1. Go ahead and run the numbers for FRET between B:R262 and B:S95, Cβ-Cβ distance against an R0 of 41 Å, rounding to 0.05.
2. Among all the aspartates and glutamates, which ones have a C-alpha under 16 Å from B:K13's C-alpha, if same-chain residues fewer than 8 places away are not counted?
3. Would you mind working out the magnitude of the charge dipole of segment B:348-420 relative to its Cα centre, with +1 at each Lys and Arg C-beta and -1 at each Asp and Glu C-beta, to the nearest 20 Debye?
4. How large is the Kirkwood hydrodynamic radius of chain A, counting all unique pairs of alpha carbons, in Å?
5. Loop-only check: which GluC sites (Glu not before Pro) in segment B:364-458 are DSSP coil with at most 16 other Cβ within 10 angstrom?
6. Students often get this wrong, so check it: of B:K377/B:K411; A:K232/B:K50; B:K189/B:K237; B:K31/B:K201; B:K355/B:K388, which have C-alpha atoms separated by over 18 Å?
7. How do A:R15, B:R159 line up, fewest other C-beta atoms within 10 Å first?
8. Stick to Cα atoms and the Kirkwood definition of Rh, then tell me Rg/Rh for segment B:4-239.
Amino acid sequence: MKNKQVLTSKTIENRFEVFRVVVAIAIAIAVALLLIFFTSKQPFEALYWFLLGPLKSLRNFGNVVQLFIPLTFAGLSIAVMFQCNQFNMAAEGAFFLGGLGAAIVAVKMTLPMGVHPVVAILVGAVLGAIVCAIPGIFKVKWGANEVVSSLMLNYIMLFLGTYVLQYVLLDPSAGYPASNQFPSTATLSVIIPKTGIHAGIILVAFLVVLVYLFMYKTKWGYAIRITGQNEKFAKYSGVGVGSTIILSQLVGGALAGAGGATQVLGMYTRFSWTSLPGYGFDGIIISILAKNNPAYVPLAAFFLAYLRIGADIMSRKTDIAPEVVAIVQALIILLVAAKMFLDKYKHRLIVKNSQEQLLQKEGA
Amino acid sequence: MADNILVMENITKVYPNGFVANKNVNFSVKKGEIHALVGENGAGKSTLMKILFGVETSDTGRILLNGNEIKIDSPSGAIKYGIGMVHQHFMLAPSLTVAENMVMGIEPKKFCFIDFEKAIKMTQDVAKKYNFDIDPKAYVKDLPVGVKQKIEILKALLRGAQILILDEPTAVLTPQETSELFIQLKKLKEQGHTIIFISHKLREIKEICDRITILRNGRAVGEAEVSELSEQDISNKMVGRDVILKVEKEHATPQESVLKIRNLTVINQFGKESLKNVSFDVRKGQIFGIAGVEGNGQSEIAETVTGLRSHSKGLIEIKGVNIEKHTIRDIRNLKVSHVPEDRMTYGIAGEISIKDNIISDRYFKNEYNKHGMQDTKKINEEVDQCIKEYLVKCSGREQPIRMLSGGNIQKVVVAREFSSSPDLAVVNQPTRGIDVGATEFVRKRIVELRDEGTAVILISADLNEVMELSDSLIVMYDGEISAYFPDSKNVTEHELGEYMLGIKKMSPEEIGDAIYEK
Amino acid sequence: MQNIISTIFSASFLFSILRLTTPILLAALAALITDRAGVMNIGLEGIMLCSALAGVVGSAYTQNAFLGLLFAMFIGSLLGVIMAYCALNLKTDIILTGIAINLFASGGTVFILYSICKDKGMSTSLASLTLPSIDIPLIKDIPFLGTIFSGHNFLTYIAFLSVIVIWALLYKTPLGLRIRVVGENPNAAESVGINVRKTQYYVLIISGILASLGGAYMSMGYMDKFARDMVAGRGFIALAAEALGTGTPLGVMGSSLIFGAADALASNLQVLRVPVQFIQMIPYLLTIVGLIVYSISKSRQIKKIYLQK
């Protein structure tokens, strides 16, 4: 009796999810490729640089990894907050304030090498945690919608930051709005020569593991997950829902703040952010692609970083603007997060599989 | 002899999870009568009416209106056929005025604007025609419940409803408002409207209805003139058991009180007392049953004891501890378990694994955590043990729980709640909507739990279950205990039915025996 | 101190408030109707940006400002349809849909700009037109008030007229009634046969058109060209204005004016010691405070019902 491999429904669903993501990405990239093809005078060159540019030199690939670092921080931050079902967008403000806090520590404090950046990043993390916790507290205490309050908070943080930059940190000799130069004790040094990849990579790798363990192997992560899945169930089981929500925002904010700090100390010699850097919103795409699972965040972050650097390189070598990646990003969000995308196809698959399962049972 | 205005012929409806809601139901209503549709929760009345109002479609059967077969595929379709539904949960927008609520969807127009004067006039006209007294300009949020219901009725009448379906209309009304409603209904009848009156309040049915159809377990078991039946007759047909279930059970040897409830009063969001001055004890090693038609206060008892709801008055003591200021976790730490009535909303989180569902009440305890991390080995072992012991049919502990059948999902819930060796287990409708095999298993486990010394509160609308499993039982009616039976073997289902439906009520002394420790 | 008072109450200052309020007001009205229907549109920033570009491109190629405006409105409604399809048919969460539109716009507009003008920053190479300013006869001659209210761009008057239009739409038309019912109790709407999805589609399209007017104003009135990221967060400020606006068109107009005033104040108060950033913060702080007050009052209402007996 030939035993055809019959899959459990769960395996089908898992495989289908991967399939769906791949199709969504494929469609998004296909659209971008079409746009490039039709608007460029050198379409094939443009496509070449877009898709393969990052691999052409060590420097280029280093740029991908450099971008990978803050994107991973952002993805981890959003993943934790979204796992608790909170649409808190304040990661953007937390990232910004974390960078600012690290800059203040770098410029205003004198500490020995090795200790200096650690303190700076910790300060960044604490500030980020506070920023993200605020909308969480408003939601828990007063039921205030976290989408609006977090968006507002981002702007407040931005203005706070530009104020501090202008009146506390400003180095008038710099020639552009920037703080004093960071002392060498504070910056994160490049660890792989010729690539520009700084020590932040070690930190972020460590954090990916830590956050994964936190979410899936500790009781706090467990509480966050079940609260996000079904708040009523969590409450009924005895979980302190309010404190869990705030915890998730604190952790997410700390990750974003640490990300900002790492980015500032690793990539810059002065603090000069006068607008929100945008990583907070990138984190959303990454988290959606990674299905809010910290383990997949690096993959999604790398994918996005590769795309962005590829587009950058393409824009330098040809006549296409790198912003085409934004179109890809938008399409990916729309399709991957669409519950009904390819839904009919999924149903057909499942029905077909259960019919096969039935046949097998009857045949046995 | 009036003709049948509506006939629902041979209606069968099976839900995707296998639950048979209606089986070959025949339901016919004569023109101009008030027809009662009765049955316990789960008997099939809501499904039948959902099919009539176009919210669900039946698997077999057809609907005839004035002798002609019709197809109803949506609420607007039903409205076009003159069928109007007054839902139990009001379909109103509170921030709008009465007139706006009345005309929504059929707004009278003046060029491209709403003709508010006409809307107000339409409202006043239909109100006058049926002798309702309402102010079209009032805002719905300011109106009392009774008036809101009148608006719902008028809404249907405005849209030309000849047949009105009223779903448990008096559930939210005061006695005063109920009398008023009945006067309106009689007038409507005089004007030729037909009314389908869904209720389980037999006194009211006797007062106002002409004929009655009784549903039980998805089938129609009786159709008669109300005048020909006594309340006892109706009750017998409604709550009779098709099959007598015998449960192997040793005689209970209950000991000291585990749960003490004194003068418990709960006020619901409508301002009505859903529990009035309830007092009873539950003892160690006893299955204490709470019988009654759903909605008479049983859920409130379960919720206040387990901490899901706070109570306004009275005392709840678990093992001597007053739980008034306790959180749900505090209560669970007193070794209290809760098998909830709504397992899909409260009992599980559908998307996560069986394992994560089982450990939700214990994950934080020291014995499951080592150096800050979860002791995966111990957790896996325990979860596997639960799966094995409770015969959960699944592909493994990591499987998302929503893939399991209803019966297996309930087994997971029961596994979680019973495996912690509780001192008090509150079990609410444990076998509703699940298959026979799982039902038998769960009931067996409940008895075993009791033999291990747990105090079990068993709330069930299933007469079989509550009579066979309970050692002692009370009957809840309208927020109060209407009967207490120290030995459930000494009561017949007919008797129980009468207490459940408010036909009889015990004296305060007899009910007072439910308190063990004076 | 004397300086500030005379600045604030000068006619030109008040004139600039109305000018700065225009795009915010249009977008806030767009946010209002979608909020009332239960499909909050947070993609306004993106729609405004796309429409700003569309207006410039359209007017440049047709050499007609109004055709450019029409094209902008078309793009706005198209984006509204796309959002509706993604959120209502594909069931992407409405918030994520808005975020995606914003992302798409911020990059997509630069991409298109570059491919047309070979310039990533501005559309200077395009001979785009602006919409006319209107000097209202009679009013313009009134001292003080005339300087404030006359001479604004055509779209500024449209913006304030829209307050009345949206008010009439919401409270006086059948569609408006359905919008309010769908947002408050979709079940009630369905029970009388109102098509919830269709209503939400209409609302998203109308919001797209309103937002497009705001966007077109930016590139064809406030400025005379398109520049990248020129909307500069006004779409988000509009969300704040809507949140603060008590859910009514008049309230939204009031809160939009507050934001416009803060914007005007910020540029004028630079002479003062007060750092401009704190002025800029005020509207956002106000919104959060307003949000909290609103949420507290709502939860108190619920508690009241419990304790009534």
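Just so you know, all these numbers are worked out from the coordinates, no wet-lab data involved. These numbers were taken from a predicted model, which means no experiment stands behind them. Cβ sites come from the backbone with ideal geometry, for glycine too, and all protein chains shown count toward neighbours.
1. Details: r = 42 Å, r/R0 = 1.01.
The value I calculate is 0.50.
2. B:E56, B:D59, B:D73
3. On the way: 12 positive and 11 negative charges, 15 e Å.
With only Lys, Arg, Asp and Glu charged at Cβ, the dipole is about 80 debye.
4. Values: mean 1/r = 0.0453 Å⁻¹.
It is 22.1 Å.
5. Working: sites: B:E367, B:E381, B:E382, B:E389, B:E398, B:E417, B:E440, B:E448, B:E452; in loops: B:E398, B:E452.
Answer in residue order: B:E398, B:E452.
6. Numbers: B:K377/B:K411 22 Å; A:K232/B:K50 28 Å; B:K189/B:K237 27 Å; B:K31/B:K201 23 Å; B:K355/B:K388 13 Å.
With Cα atoms farther than 18 Å apart: B:K377/B:K411; A:K232/B:K50; B:K189/B:K237; B:K31/B:K201.
7. Values: A:R15 12, B:R159 20.
Least to most surrounded, the residues fall as A:R15, B:R159.
8. Details: Rg = 18.0 Å, Rh = 18.4 Å.
That ratio is 0.98, to two decimals.
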